[in-house]
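Only one structure is covered here, and it is reproduced in the block below.
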Amino acid sequence: MEGISIKQKLILGCVVPLLALLLLVIGATQAMSQLMTGINAMYQGEVVQLKELKQIADLYAVKVIDAANKANVGGFEPSRSKADMSAAQQEITRIWRQYRSHNMSDEERRLADKVEGLFAAANHEIDSVMQLLDRSQGQDRTALSAAIMPLYQVIDPVSDAVSVLVEYQLTEAEKKVAELNQLRQQLTQLFIALFVVVGGCVLFIGIWAGRSVSQPLAAMGQILRGMQTDLDLSKQAPVLRKDEMGSLAHSLNEVIRHFRGLIAQINDMAEQLARESAQLAHIGVESRQRFAQQQAETDQTATAMNQMSSTVAEVANSSNNAADAARHADDSARHGHKTVEDAIHRMSGLSSQIQNTAAMITQLADDSRDIGSVMDAIRGIAEQTNLLALNAAIEAARAGDQGRGFAVVADEVRTLAQRTQRSTEEIGKTIIKLQQGANQAASSMEQGLEQVEESNRTVLACGQALGDIVSSVNVINEMNTQIATAAEEQSKVAEEITRNVVNIAHISTESTEAATQLNQSCHELEQLSNDLKAKVGQFRC
């Protein structure tokens, strides 16, 4: 019974009443046929025979007796009375033969034989009266009156015998009427029983089909109400049948299992998003610290560059002094030697400072590359966060109205991820500019270092040639000119480096602000992740 589909149950609920109605119609037709057969049999067997017996009795009483009496009193001509009596005899004979042609029981045949025996005596008296009428032509009324009494005497027994047959036919008719009434009662009881049985079957099928639909629907409705009010996804609809309701319950269970899996995935993604947000916030803090350290080192580099500018100015001043000393070399050779030693010492210090500055700029370039690696990591995290938020929005859209809150949260997460990505791209551009400036500063420092080393070698040569300073005044003057030119170039390079360092400091400040904003965005993303996790936690799986 559980394997019957609802469609088959409904068809069964329609077919059974139709079959029952067909049975009732067939039964009623057969019953009416039996009743009509009984009525026809009663009509042909009793009513027609009663009619024939009545006709015979009427012919004897009316035609024969009445014709004789009318002839006796002069109402009819003897010939007419004779003709009526003869016609009555012939009609009685015909009707009696027709009566004897019916199927008769033994008792009826016995009574008919008795009546037929009385017909012979009656016909004999009728023949005597007709002969008397023929002889007397109605003139001998005394003889006619005397013949009428014997006629009564033979016809009355015939009437009595016919009355007995009539009573017999009435008794048989009553029996058949009783049989028909009994048949009617039996058919009525049969129809009532069929109606009760068919009605019970139809009622049973209706209740059975209704319960097969209402009970599973009530169970599934209770589960859906629990999902609506309590967000309860832990219950399963009972699959007790293999019909459409069982298929519907199985589909509902599959949807609930899919929702449970979806909620679990969203919960896992929320936890992963929270972890990634915390990690991103930690990276933002480290980036902000590194940017602060970079800014401090940039300030130190600017101070060193200012010192280098002062040193370059001193070098230029020393070159001028060397030129003056060369013009007075003949008189102050010893003083010139000392000045050359001072120049050598200062050039060595300048070389050391330039090397330190070059090392700082190189370190600044390395830090900028490290910052670029960090920003690549931040950019990857932002892209992953954007992808996770997009997946969450897709899953929320599949969830329909119940996932509308998830869609809003996923949209906010995706917006924050996009803002983080844009900030990361801006920081990356700034870092690229910083790296380019650092590379240019490093290149300029290398050139300045080479020039300082060249000046140092020149001053050393001057020291070595101090003994011949008088003869080499022109050479010294040329060298002093070269030193002055180099000092001017170093001054320009120092100014350019100072400007680059200032730009680096400004970029570091902007990077620090961007890192602060990134850290704030990470905290907001972490808060949204926690809110999403809390909302997902409301579902009971």
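Taken over the stretch 146-164, the residue count meeting the criterion of being among the β-branched types (V, I, T) and either within 16 Å of A71 (Cα to Cα) or not assigned by TED's automatic domain parsing to the domain that holds M85 (or both) is 1.
Each row is one residue, and each column tells you yes or no for (1) crowded, with 16+ Cβ neighbours inside 10 Å; (2) modelled with pLDDT of 70 or more; (3) in the same structural domain as T430 (by TED's automatic domain parsing); (4) farther than 30 Å from E286 by Cα.
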| site | (1), (2), (3), (4) |
| --- | --- |
| E495 | no, yes, yes, yes |
| V501 | yes, no, yes, no |
| S508 | yes, no, yes, no |
| S511 | yes, yes, yes, no |
| L528 | yes, yes, yes, no |
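If you scan the stretch 77-93, which residues turn out to be touching a residue at least 60 places away in the same chain (Cβ under 8 Å) and assigned to a helix (DSSP H, G or I)?
Selection gives P78 alone.
Pairs meeting the criteria (first residue in the stretch 111-123 and surrounded by fewer than 18 Cβ atoms within 10 Å (Cβ to Cβ), second residue β-branched (V, I, T), beta carbons under 9 Å, at least 6 apart or on different chains) are K114/V164; A121/V154; A121/V158; N123/I92; N123/T93; N123/V154.
Kindly provide the set of residues from the stretch 256-278 that are closer than 26 Å to V239 by Cβ and either out of contact with any helix residue (DSSP H, G or I) (no Cβ under 8 Å at 6 or more places or on another chain) or without any contact (Cβ under 8 Å) to a residue 24 or more places away in the chain (or both), ordered by number. Scanning the stretch 256-278 gives R257, H258, R260, G261, A264. For the stretch 167-177, check the following and say yes or no: at least one residue is surrounded by fewer than 17 Cβ atoms within 10 Å (Cβ to Cβ), part of a helix (DSSP H, G or I) and β-branched (V, I, T). Yes, that holds for at least one residue.
One residue is enough: does the stretch 36-58 have a residue meeting the conditions under 17 Å from E125 (Cβ atoms), at pLDDT 70 or above and acidic (D, E)?
No.
Given the structure, is E172 touching a residue at least 12 places away in the same chain (Cβ under 8 Å), among the acidic types (D, E) and closer than 30 Å to A61 by Cα? When the stated conditions are applied, E172 passes them.
Consider Q222 carefully, then state whether it is closer than 30 Å to L525 by Cβ and part of a helix (DSSP H, G or I). Judged against the criteria, Q222 is not a match. Using the structure shown, decide if A359 is in contact with a Phe, Trp or Tyr (Cβ under 8 Å, 6 or more places away or on another chain) and modelled with pLDDT of 75 or more. In short, no.
Does the stretch 165-187 contain at least one residue that is of a type in the set (S, T, N, Q), more than 30 Å from L50 (Cα to Cα) and in the same structural domain as L18 (by TED's automatic domain parsing)? No, the stretch 165-187 contains no residue that is of a type in the set (S, T, N, Q), more than 30 Å from L50 (Cα to Cα) and in the same structural domain as L18 (by TED's automatic domain parsing). Would you check if there is a residue in the stretch 230-240 being among the acidic types (D, E) and surrounded by fewer than 17 Cβ atoms within 10 Å (Cβ to Cβ)? Scanning the stretch 230-240 turns up at least one residue that is among the acidic types (D, E) and surrounded by fewer than 17 Cβ atoms within 10 Å (Cβ to Cβ). Taking the criterion of being part of a helix (DSSP H, G or I) and touching a residue at least 40 places away in the same chain (Cβ under 8 Å), the residues of the stretch 94-110 that qualify are I95, W96, Q98, Y99, E107, E108. Checking V154, V129, V196 one by one, the residue that is in contact (Cβ under 8 Å) with a residue 60 or more places away in the chain and either buried (at least 17 other Cβ atoms within 10 Å of the Cβ) or farther than 30 Å from I56 by Cα (or both) is V129 and no other. I'd like to check something: does the stretch 88-107 contain any residue that is under 17 Å from L144 (Cα atoms) and surrounded by fewer than 17 Cβ atoms within 10 Å (Cβ to Cβ)? Scanning the stretch 88-107 turns up no residue that is under 17 Å from L144 (Cα atoms) and surrounded by fewer than 17 Cβ atoms within 10 Å (Cβ to Cβ).
Restricting to the stretch 375-401, count the residues that are surrounded by fewer than 20 Cβ atoms within 10 Å (Cβ to Cβ) and either at pLDDT 80 or above or closer than 15 Å to T424 by Cβ (or both).
Final tally of qualifying residues: 10.
One residue is enough: does the stretch 445-457 have a residue meeting the conditions within 38 Å of the chain's Cα centre (by Cα), modelled with pLDDT of 75 or more and of a type in the set (K, R)? Checked against the condition, which is being within 38 Å of the chain's Cα centre (by Cα), modelled with pLDDT of 75 or more and of a type in the set (K, R), the stretch 445-457 yields no hits at all.
The numbered conditions (1) touching a helix residue (DSSP H, G or I) at 6+ places or on another chain (Cβ under 8 Å); (2) at pLDDT 70 or above; (3) of a type in the set (D, E) are all true for D232 except (2). What residue, of V129, V115, is in a helix (DSSP H, G or I), closer than 19 Å to F76 by Cβ and among the β-branched types (V, I, T)? Among V129, V115, only V129 is in a helix (DSSP H, G or I), closer than 19 Å to F76 by Cβ and among the β-branched types (V, I, T).
The values are calculated or read from the model by the stated rules, or taken from the named source; none is laboratory data. What you see is a predicted model; the values in this text were computed from it and never measured. Virtual Cβ from ideal backbone geometry, glycine too; neighbours counted across all protein chains shown.
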